[in-house]
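In what follows, a structure is listed as structure tokens, so that the remarks can point back to it.
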Amino acid sequence: MKHTHLFLLAICAWFAFATPQASATVSTADINWSEFLSQHDMYWDKITIDYYGGAIMGNGLLGTNLYKASADTYRLDVGRTDVTEGRGQMPLYKAESHLYNEARLPIGYFTLATKGTVSKETMRLSLYDATTKGQLTTDKGVLDFKTYVHADKNYIIFESEASKDERDYTWSFVPLTAISPRYVNNSGDKDAQTNYNANPNPAVKSQTDGDYNLSIQNLVCGKTYVVAWKEVKAGNQRRIIATVSQEATEKQAIAVAKRTIAEGFATKQALLEASHTDWWHNYYPASFISLGDTKMESFYWAQIYKFACASRPGKPIADLQGPWAVQKTPWPAVWLNLNTQLTYSWQYAANRSDMTLPLWQAFKDNRENLIKNVTEIAEQSAWTDAMVMSRSSGYNFYRPLKPSLVSVNQYEVGNLTWLLYYYWQYCVYNNKQGELKTDFFDLLKHAINYYVHIRTKSGNIYHLPATSSPEYGTSPVDCNYDLSVLRWGLQTLLAIDNKYGLNDANKAVYQDFLDNLTDYPVDDVSGLNLGQDTPFTASHRHYSHLLMIYPLYTVNWEQTENQDVITRSVNNWQSLTGQLQGYSFTGSAAMYASMGNGDLALTRLNSLLGRYIQKNTLYKESGPVFETPMAAVASIHDLYLQSWGGKIRVFPAVPTAWKQASFIDLRTEGAFLISATRDNGQTVFIQVKSEAGGLCRLQTNIAGKIRAQTLDGKEVPFTVLDAEKGLIEIDTQAGDVLQITSYTAAAKLPMPLAHPASETNSYGDNR
């Protein structure tokens, strides 16, 4: 049963907005964020023994997950994203040593055991405050608790107030064995069992020094991580501060842990909590979106919350587990043939590009490793002027890619170039011109040079040797996965060179390569093939052979000559259902959205939410995998705003059932911030903020005669390119704020859509 007594947003004002007055700048500051997000809080009226149903919290480094351990015992999982084996490239298990020697490690969990038998339990995770509160009722009393991971300090806070005997509930820590979850998952792997030596058992020391409790884990690599906690009791109240430290020596790790906890207790409780919630309150207003489906809107905002739990500036990149590591999973590393790409696909449109900075910093920090990954290439120059990424690696990206891996379908050459597409988006969405023509250009040039070194030629046409389409099971010549990213990469290098007059030494080589690159292998039945003479005939979760359709858009729906092959290719992929997974539905949703088919896109997103997304919005394939919910955020954006091919499309694929739609400050190519409103199925208001100036080509989808005005009411000239679609072109100056409306329809400003109380708080466990 739904938690219906929370509140119903009073959004009657939605229908009362008149044409915007002069200087009525639309801003996310207009949103009552506390009220809006509270309808999307996760709520539990029962807490189950389920990792995928717990209250997840984090600060980009530390993470916790609160759920049940047994009938009257609750567990608070503890994770830290940079706690890894750290053994480096020691000889082990063929080409996959990183899955053991550099694996993420589980740390352990706290337990709370009540004194009595639990008869009632409730819990609520506030997205706005990033805090979980709950109440446990037993036959020995009532226990109220509050817990959070501090936003910018490495504290895990647990506070409680209990009555009667429940004041003496038991709090303890259970360390987990420091062993690669891949080893546990592949328990029958004899090579791993023979060569993977275990770490020593942790040492748990209670109240050894000033009431500090310590769990000390020394690792074979020489590092030590320590879980430390301290309890302070005062009457019915109890306060616990815990932390995880990791240092080069045991002495250093213990000292850091104690110092961290001491600083936490030295800060007034109210001030500590206020500094935590302030961070989160400042995080959300970067952009705003309200959807025509309550559950999907709740899901969307849970992902905005969840990513900031998993990574943020100054922290490690987001891997497949986030900060909520588990004991058993095949995926204890960084996967680079789809997963990282999807994880970082949505932040630019959401105006949260700074959240991707750890990834681009990792590229800079590990540049030499990307070069060292080039192996077994005949041309000696390839060892210095090229880069490549393997299927997976540790955080340092080091894992050599050998062409001989083609025999086991792991010669995946396109991974780096595909990931660089999102670095390109970071630059062009945020007007990072200096970075675009230096750091980005350098990385992309090295990625494309790898193709220059391995290409073949037949007559005047360049081809690619056999390479692998990720995880499909075959490695064709002229693999479409590689041709799609290669063509985009060549086009992008040349465009940057021409725009900035770089005159790169290889410019003529790239132009010749592009001009004479073989076409995509295609047939009349399956559409786009995997590669030469290799139709797509078996179900497969990856859509790597369709990257030219999405996200690259080098083959797109506006090219009428390509509409037939796009339709055949996407429908063929989706018709082979046996191996489809969650991100198969996010990818197809985005492809259908690019065709303007919001209804079909919505069916795919609903399939994802209904079949794959867990109670706390996590996603699993044999273990927790982070990327799919993040990819769904990008697909949701595409219903409301698309920016590719030099054009901004406002409400290009809104499902017909969503008569109202609203967003503020979504970001596009060219550093434009767009806000818009759709009322009764019609676009009635658009605001454009131009950060960098320049030509803004805008498909408004506003019916009838259009007007554009400055905030002080001055008319702004524009060129109408397509009156039917409301396609206009405006020359903007940096700092311009323009509002575009219809002469005939009343404008309404973007605001939250009203949702019935019976549909709110969709996640948690209250159904």
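Here, each number is a calculation from the coordinates, and none is a lab measurement. Predicted, not measured: the structure shown is a model, and the values here were computed from it. Cβ: placed from backbone, ideal geometry, glycine included. Neighbour counts: every protein chain shown.
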Using only Cα atoms, what Kirkwood radius does the range 455-510 have, in angstroms?
12.9
Sorted by chain and number, the residues with a modelled amide H under 5 Å from that of V388, at a separation of 5 or more or across chains, are N373, V374
So what is the 222 nm mean residue ellipticity for the chain from helices alone, if each DSSP H run of at least 4 adds -39500 (n - 2.57) and you divide by all residues, rounding to the nearest 500 deg cm²/dmol?
-8000 deg cm²/dmol
Given just the C-alpha atoms of the range 111-248, how large is their convex hull per residue in cubic angstrom?
158
In 10 Å bins starting at 0, how do the alpha-carbon pair distances of the range 616-745 split up by percent?
12, 42, 28, 11, 6, 1
With a 10 Å radius around each residue's Cβ, average the other Cβ atoms per peptide and rank 511-524, 678-691, highest first.
678-691, 511-524
For a quick size check, give me the Cα extents of the range 428-475 along its three principal axes, largest first, whole Å.
38, 30, 15
List, in order, the whole-Hz ³J(HN,Hα) value for each residue of the range 219-227 obtained from phi through the Karplus relation with A = 6.51, B = -1.76, C = 1.60 and θ = phi - 60°; use x for Gly and Pro.
10, 4, 5, x, 6, 9, 10, 10, 9
Using alpha-carbon coordinates alone, the radius of gyration and Dmax of the range 583-651 in Å work out to 12.7, 40
How would you rank 636-644, 220-228, highest first, on the average number of other Cβ atoms within 10 Å across their residues?
636-644, 220-228
Gained length - E471 relative to Q563, 0.36 nm times residue gap less alpha-carbon distance
30.4 nm
Cα-based convex hull volume of the range 420-527 per residue, rounded to whole Å³:
124
Ordering of 492-504, 572-584 by burial proxy (mean other Cβ atoms within 10 Å per residue, highest first)
572-584, 492-504
Please work out which option in [x] 27.5; [y] 38.1; [z] 30.7 gives Kirkwood radius over Cα pairs in Å calculated from these coordinates, and answer with its label.
[x]
Approximate spin-label separation C221-T117, in nm, with each point projected 7 Å along Cα-to-Cβ
4.8
7 Å from Cα along Cα→Cβ at both K725 and R707: what's the point-to-point distance in nm?
2.6
Nearest 20 debye, what's the magnitude of the dipole of the chain about its Cα centre given +1 on Lys and Arg Cβ and -1 on Asp and Glu Cβ?
1520
